[in-house]
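The values are calculated or read from the model by the stated rules, or taken from the named source; none is laboratory data. If you're wondering where the values come from, they're calculated on a predicted model, not measured in any experiment. Methodologically, a virtual Cβ is constructed for each residue, glycine included, from the backbone with ideal geometry; neighbour enumeration extends over all protein chains shown. Heads up: the accessible areas ignore ligands, DNA and RNA and are worked out on the full protein's heavy atoms, side chains in. Shrake-Rupley method; radii C 1.70, N 1.55, O 1.52, S 1.80 Å.
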Number of protein chains: 2
Amino acid sequence: MDASAAEEEVGNMAENTDTMPGFYIGEHLPAPGGAVTSDLLAKAANDKYNMISVYVSNLSYQRKVEAIIVEAQKNGRAKVYVPGLEAEDVNMHPDENINSGKVIGVISSWIQLDSTDPIISSASRQVLHHEIGYAGFCGMMSLLVQGPSDCEQNLAAYYQAIVQGLSINAYLQISIMIPAYGPSLEPSQGGTEADSQGLEPIALYDELSSWDIWNGIRTATRYSPRISLALQIQYSIPNKHTQSRWFAEPVRYLILDSQAYVLNAKGFPVMTKHHQNLIQKFSRKSPLYLLANTRHAEYTPEPENPLDVDFPPLGSLAPKGARQASTTNRRRDDPQSYRTYLHHLLEDLPPPPPLDIFGAGYQDFLQSPLQPLADNLESMTYEVFEKDPVKYDQYEKAVKLALEDLKNQGIEDICVAVVGAGRGPLVTRCIRAATNASLDIQIFAIEKNPNAYVHLMKMNRDVWDGRVTLVKTDMRKWKPPSYIHILVSELLGSFADNELSPECLDGVQRVLHPTVGISIPQSYTAHYTPIMAPKLHGDLLSRAGSTPDVYEVPYVVMLTAIDFLSLDSDGQVNIEQAWEFKHPAEDLEHDGGFNDHNQRESFCIFPVPRRGVIHGIAGYFESVLYKNETSIVELSTRPDTIDAKSKDMISWFAIYFPLKTPMPVSDRAEVQVSFWRITDGRKVWYDWMVETFAFIPDPKTSLALMSTDSSAGVIPLNKRVLVATSEIHSSKKNGCLM
Amino acid sequence: MDASAAEEEVGNMAENTDTMPGFYIGEHLPAPGGAVTSDLLAKAANDKYNMISVYVSNLSYQRKVEAIIVEAQKNGRAKVYVPGLEAEDVNMHPDENINSGKVIGVISSWIQLDSTDPIISSASRQVLHHEIGYAGFCGMMSLLVQGPSDCEQNLAAYYQAIVQGLSINAYLQISIMIPAYGPSLEPSQGGTEADSQGLEPIALYDELSSWDIWNGIRTATRYSPRISLALQIQYSIPNKHTQSRWFAEPVRYLILDSQAYVLNAKGFPVMTKHHQNLIQKFSRKSPLYLLANTRHAEYTPEPENPLDVDFPPLGSLAPKGARQASTTNRRRDDPQSYRTYLHHLLEDLPPPPPLDIFGAGYQDFLQSPLQPLADNLESMTYEVFEKDPVKYDQYEKAVKLALEDLKNQGIEDICVAVVGAGRGPLVTRCIRAATNASLDIQIFAIEKNPNAYVHLMKMNRDVWDGRVTLVKTDMRKWKPPSYIHILVSELLGSFADNELSPECLDGVQRVLHPTVGISIPQSYTAHYTPIMAPKLHGDLLSRAGSTPDVYEVPYVVMLTAIDFLSLDSDGQVNIEQAWEFKHPAEDLEHDGGFNDHNQRESFCIFPVPRRGVIHGIAGYFESVLYKNETSIVELSTRPDTIDAKSKDMISWFAIYFPLKTPMPVSDRAEVQVSFWRITDGRKVWYDWMVETFAFIPDPKTSLALMSTDSSAGVIPLNKRVLVATSEIHSSKKNGCLM
């Protein structure tokens, strides 16, 4: 990809969601004193870099600020006033020959916004705001800011500086540089990707301490879409659980330090398999920018220039030994070899899974249940749905099994009806199933949509040889000439019953043969689990001002940037079943006309091993299309069972029930989720709520344990306390009319 | 008070806020089978009861519901349908001779809304909803519902039943009956009011377990103003910290069980001093209803009637031994003696403190900072403010001290100026101070409000003998004939600097004598502490729909129904100083015209011994009016220092900085509050945020402690973890214009 093509692609990235995610590779930090010139950009393009990142200001500015601080400290003043940038302090000027979209500004790394020294933090904040203002003036779109050093500093001062910084320029994207691996640990010499299966408390805490810092920034900036992450990748990388956590967050940059590489036998830099997997995982993010941080002096005119050193941090004003530039010792891991490896790696990434291709552009896109996905997609991808490689195959298998079972029971003149036949795909499959079962059946197709009915007539004439009896009516009013033996329907929504399949099938149940009648599907179940979904929460937050009910409806969504919070002891996601519907319904005649027998409620407790934030509840479904003593044909959208039951099925996205207020949970916590499916005979809706529990040491037990000199060495956290209760959320106002 | 007067008072209770809070005494639970008749009400009135409470339904209904459940269980059905009430099932009918405002409905006590058995909880919910519907139909305004039994049951099902119940009738008040003392403890035989100073963890948890249940209900019902508490008082009553917690909640009823009394030497029921104090504390709530629960058979026609027994709970369908009615054994603690004691007790309560009388009607009333309290009160209570017994006395003392100090320095021709003189109270005090100091001074009164200026002219003619030089101008434009030695002002707001006292005094500082000039006040400081304030949060929540910025401004408010969360080891409230302003300002000339020198920031850590919910931050101020080497004259609104510094001062209420989302905190937690006073040279505003921290066991330390066989017996919770971060709230949009 040449530079101008890359530029165009960057410009279009927001719209380009139906293409494969691209990579935008940049060169990070040429040198603190390097000024941006068109020559520099041409050189980068020649090196196949799409962009470069440079410090907004240079060492001259740092020296001025240091002098001001020293003077203020000498005079015992409590306040310090940092003047704005001057011409000699900056690395860039507005220049029509420089495409500012290809330059990422880097805020001075020597500032310490979170210092507990008020003079340092105040001066740092002023520097940040001056640099943001100037970068915006130069036309930059994206800035990198170093994250807080650790949780012990003054995080509130850091948050405040960033929030105020956001208001200086209405367009700038600010990305916070945070190490993917916890900040409080020295990079270990051995590989650390091995999963901490044993849930050792210390490792656990450190593993998420970087995320804690980010979580605070995200919350304090109110999930602003202009705040994102620049994740620093070094040799130590987080385990798979922490990688999942980061994947749920708005990672815009991966900054690949040269320490992230190892040298192969020939002395060239390569990545470990773990690093390659991490990059592959994050390549699903769009847009994703990779920044190579292979600090060297190639672009600086004079290697011995004093500007070409690391900035010493503001807090330690004592002079530090300047880092030696490495240009004099050109090794095989020079910048060119990193670039070559990275391009090679990206070209060799395996293709994404089918659902990623099919769902491109739908990742984390919240669809109102009033405009279901099927409606939106009908014009462009109706064909794709009908060609779902799995769903209709499963239906055909189920119908064939049911036909054979009826035949074995001696039933003759079998009648099959497809209710809600649409464009007829199930009819085709029923005919094929009968043919394969060597049975001659009578088949009805019921459809009330007059447009679809026209198409069914055409299908009957051209494809089905007139074998199908077409009826244009609402299924609840249909009067067949005789009882139906098999009633086939596809009325399921993302949460199984949310598009009123139970109520629709109740209405047509009277046509089913009272003793041997079969409904396909025979039963279906709704399933759910609490998730962290900061992107979805941010989207709803931005809509909440104009749409007050935004948290009171579920959404159909292709969940992508999420993290499952409830895991079992094997680290697998823990999803619980809410309830089940069976057809034909047994208790239909007991109902007083209020649809009471279709009410459901569910209360499930979810263990949460690692702390996080609950933004909402993910919902899925499973359905038994047909089951007899030897065989079972199922559908599933549950991520943990779809591969076993209906691998590669693409017809349904998940459903998402949001929480108005995100709920933090602690390590080794429990979450109770309560769900209700409610009906008043006219509408059907859901209510949901969440309670969080923590475990604390029970002094009585611990004391006993101590006195018996237990060798376990583990503090028992066995007292369960209620921490917080959400509101009861209700979709009553936006319930489905029966 | 006779019955009709009481009735009128009950009717007017909402408006009657400027009178003393009254007591409304009712008789609780005559008997489950007692029907409401006009005779019964007349009898209650004759007994000096203002109201009675009765069960909505009777034993007949319970038996029907039980039969339905038994049948459903026998048939293995998963669902149960409870029919509505029939004529023989109810204790009341609409009757024009019965004032339904004097009858409080009690929901069947045998239902178990929080049962983990879905049949029981479903049947209970249906009973609740039938009874709410019928009670509303009969014109009742208030219902009592038994609270959940404990946290181990299905609380979500309980919450849901109540939330749905609220929507059945738009006016009914629902009060949840909850024991004031934790539900999981047997009532102890000894007194338990003694404060648990030692913070024993077990006692701590149990002490708040009742509150936990209520906190969940309040949250799940979204702080509905139609949900309140009926607090059950028995012999064991909570310690003072838990009483404070309950006082912050919407307690509408105190249900005084006969077990709350002890028998005195003569065999008559009396209350312990602790119980009396509790009732006195809650008598500040308005309205407050006391319900005497002296279960007896006086009102039932036949003592041996089988309806006159406790309802056995629904979950235990095995027959229970019916409780013996005590009518055959008439002792001196008969109902009459309880009544007599209660009336006697209420008549003897001590009068409320001055601020309660002065502030009647202002308790927890949130005043927008754009309409400060002084403006609202001007017409009706301006006189009261000027007669504040403390504030102007303190000013007079301060001026006298300052005059004497100047005199001792040999200053002659002393000039005093009152800037912002208003109606002149400070001028009067300055003259009096000079007289008492035997000094002849020149005095100026500066006022820009032309109406107040007219009054100042009148004062000068009639009271001050023309001794005062009046100047009608903005103080920032005043040009005095010579330097001023003492500049007196009263520009402080509830958070000291929030009405821009610093900026106003900066503008007039140039008139002050450069070496000996004195400002009164000399300095002031802002103070704050995190509080629980469910009433304030509920009020803001109800306004948030129409006013989106409702959480982004501070409010002036007479804080009443609040609980201080941060206490020191002596159980005293922990309030921290935010910042200080001194006059004359030292760094005025360093300011670049942007008012930067009046920016402030503050970060304080508050220990929170007992779990709770942070709804916002309470703010106060202190001011040093004048201080020399031997004396100091101060003002304070801090509840912990006001008595020492300016006892009974009434001129200022507190300030309240709300949080958009209430933040739960755990036992033995820490809360960091961050405050910023920000200015851009045109406006001044505040930003604030809260972070919560918990302490968990550090496995390393605990392990070491265990192996050394420590005898401490305490689990060290020494690892501090960040739990949650609030948004940064900002009043920038509604900041004060300079």
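Does A:Arg600 satisfy the criteria of being more than 26 Å from B:Ser121 (Cα to Cα), surrounded by fewer than 24 Cβ atoms within 10 Å (Cβ to Cβ) and touching a residue at least 40 places away in the same chain (Cβ under 8 Å)? It is false that A:Arg600 is more than 26 Å from B:Ser121 (Cα to Cα), surrounded by fewer than 24 Cβ atoms within 10 Å (Cβ to Cβ) and touching a residue at least 40 places away in the same chain (Cβ under 8 Å).
Say whether the condition of being surrounded by fewer than 18 Cβ atoms within 10 Å (Cβ to Cβ), in a helix (DSSP H, G or I) and modelled with pLDDT of 95 or more is met by at least one residue in the range B:446-453. Scanning the range B:446-453, I find no residue that is surrounded by fewer than 18 Cβ atoms within 10 Å (Cβ to Cβ), in a helix (DSSP H, G or I) and modelled with pLDDT of 95 or more, so the answer is no. Candidates B:Ile575, B:Ile614, B:Ile531: the one that is hydrophobic (A, V, I, L, M, F, W, C), under 16 Å from B:Pro662 (Cα atoms) and in contact with an Asp or Glu (Cβ under 9 Å, 6 or more places away or on another chain) is B:Ile531. If I ask for residues that are more than 16 Å from B:Pro352 (Cβ to Cβ) and touching a Ser or Thr at 6+ places or on another chain (Cβ under 9 Å), which ones from the range B:275-289 would you list? The answer is B:Tyr289, and nothing else.
Within the range B:38-69, being within 14 Å of chain A (Cβ to nearest Cβ) and in a strand (DSSP E or B) holds for no residue. Applying the set (1) part of a loop (DSSP other than H, G, I, E, B); (2) hydrophobic (A, V, I, L, M, F, W, C); (3) buried (at least 17 other Cβ atoms within 10 Å of the Cβ) to B:Ala72 leaves exactly one unmet item: (1).
All of (1) in the same structural domain as B:Cys415 (by TED's automatic domain parsing); (2) touching a Ser or Thr at 6+ places or on another chain (Cβ under 8 Å) hold for B:Trp478 with one exception: (2).
Residue pairs whose Cβ atoms lie under 6 Å apart, sitting 6 or more positions apart in sequence or on different chains, and linking a residue in the range A:209-229 that is within 18 Å of A:Gly612 (Cβ to Cβ) to a partner that is of a type in the set (Lys, Arg), are A:Trp211/A:Arg245.
Across the range A:547-596, which residue is surrounded by the fewest Cβ atoms within 10 Å (Cβ to Cβ) among those that are within 14 Å of chain B (Cβ to nearest Cβ), touching a residue at least 60 places away in the same chain (Cβ under 8 Å) and in a loop (DSSP other than H, G, I, E, B)? So, considering only residues that are within 14 Å of chain B (Cβ to nearest Cβ), touching a residue at least 60 places away in the same chain (Cβ under 8 Å) and in a loop (DSSP other than H, G, I, E, B), the one surrounded by the fewest Cβ atoms within 10 Å (Cβ to Cβ) is A:Gly593.
Can you go through B:Ile111, B:Ile120, B:Ile98 and tell me which one is of a type in the set (A, V, I, L, M, F, W, C), in the same structural domain as B:Ser228 (by TED's automatic domain parsing), within 33 Å of the chain's Cα centre (by Cα) and not in a strand (DSSP E or B)? Criteria check complete, one pass: B:Ile111.
Do you know which of the residues in the range B:363-402 that are at pLDDT below 80 and among the aromatic types (Phe, Trp, Tyr) is surrounded by the fewest Cβ atoms within 10 Å (Cβ to Cβ)? Of everything passing the filter in the range B:363-402, B:Tyr382 is surrounded by the fewest Cβ atoms within 10 Å (Cβ to Cβ).
Taken over the range B:134-151, the criterion of being more than 9 Å from every other protein chain (Cβ to nearest Cβ) and over 23 Å from B:Asn97 (Cβ atoms) is satisfied by B:Leu144, B:Val145, B:Gln146, B:Gly147, B:Pro148, B:Ser149, B:Asp150.
Take the residues of the range B:220-231 that are of a type outside the set (Gly, Ala, Ser) and in contact with an Asp or Glu (Cβ under 7 Å, 6 or more places away or on another chain): which is nearest to the other protein chains (Cβ to nearest Cβ)? Only one residue fits best here, namely B:Arg222. When A:Gly517 is tested against (1) surrounded by fewer than 21 Cβ atoms within 10 Å (Cβ to Cβ); (2) small (Gly, Ala, Ser); (3) closer than 30 Å to A:Asn215 by Cβ, exactly one condition is not met: (3). In the set (1) within 14 Å of another protein chain (Cβ to nearest Cβ); (2) at pLDDT below 85; (3) open to solvent by 10 Å² or more (accessible area, probe 1.4 Å), A:Gly182 fails one condition alone, (3). Here B:Asp18 fulfils each of the conditions (1) within 24 Å of B:Phe137 (Cα to Cα); (2) at pLDDT below 80; (3) of a type in the set (D, E, K, R) apart from (1). Going by the conditions given, is B:Leu172 at pLDDT 90 or above, surrounded by 23 or more Cβ atoms within 10 Å (Cβ to Cβ) and more than 13 Å from chain A (Cβ to nearest Cβ)? No.
For the range B:454-489, filtered to residues that are open to solvent by 50 Å² or more (accessible area, probe 1.4 Å) and touching a Phe, Trp or Tyr at 6+ places or on another chain (Cβ under 9 Å), the residue that is farthest from B:Glu503 (Cα to Cα) is B:Thr469. State whether one or more residues within the range A:234-247 are at pLDDT 80 or above, open to solvent by 30 Å² or more (accessible area, probe 1.4 Å), out of contact with any helix residue (DSSP H, G or I) (no Cβ under 7 Å at 6 or more places or on another chain) and more than 22 Å from A:Val613 (Cβ to Cβ). Within the range A:234-247 (the criterion being at pLDDT 80 or above, open to solvent by 30 Å² or more (accessible area, probe 1.4 Å), out of contact with any helix residue (DSSP H, G or I) (no Cβ under 7 Å at 6 or more places or on another chain) and more than 22 Å from A:Val613 (Cβ to Cβ)), the answer is no, since none of the residues qualifies.
Quick grid of which residues meet (1) modelled with pLDDT of 95 or more; (2) of a type outside the set (Gly, Ala, Ser); (3) more than 24 Å from B:Val608 (Cβ to Cβ):
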site: B:Leu512; (1), (2), (3): yes, yes, yes
site: B:Gly517; (1), (2), (3): yes, no, yes
site: B:Lys535; (1), (2), (3): yes, yes, no
site: B:Thr547; (1), (2), (3): no, yes, yes
site: B:Asp563; (1), (2), (3): yes, yes, no
site: B:Ser566; (1), (2), (3): yes, no, no
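Of all residues in the range A:635-674, count the ones that are surrounded by fewer than 19 Cβ atoms within 10 Å (Cβ to Cβ), more than 14 Å from every other protein chain (Cβ to nearest Cβ) and assigned to a strand (DSSP E or B). Of the residues in the range A:635-674, 0 are surrounded by fewer than 19 Cβ atoms within 10 Å (Cβ to Cβ), more than 14 Å from every other protein chain (Cβ to nearest Cβ) and assigned to a strand (DSSP E or B). Across the range A:83-107, the number of residues qualifying as open to solvent by 10 Å² or more (accessible area, probe 1.4 Å) and modelled with pLDDT of 85 or more comes to 7.
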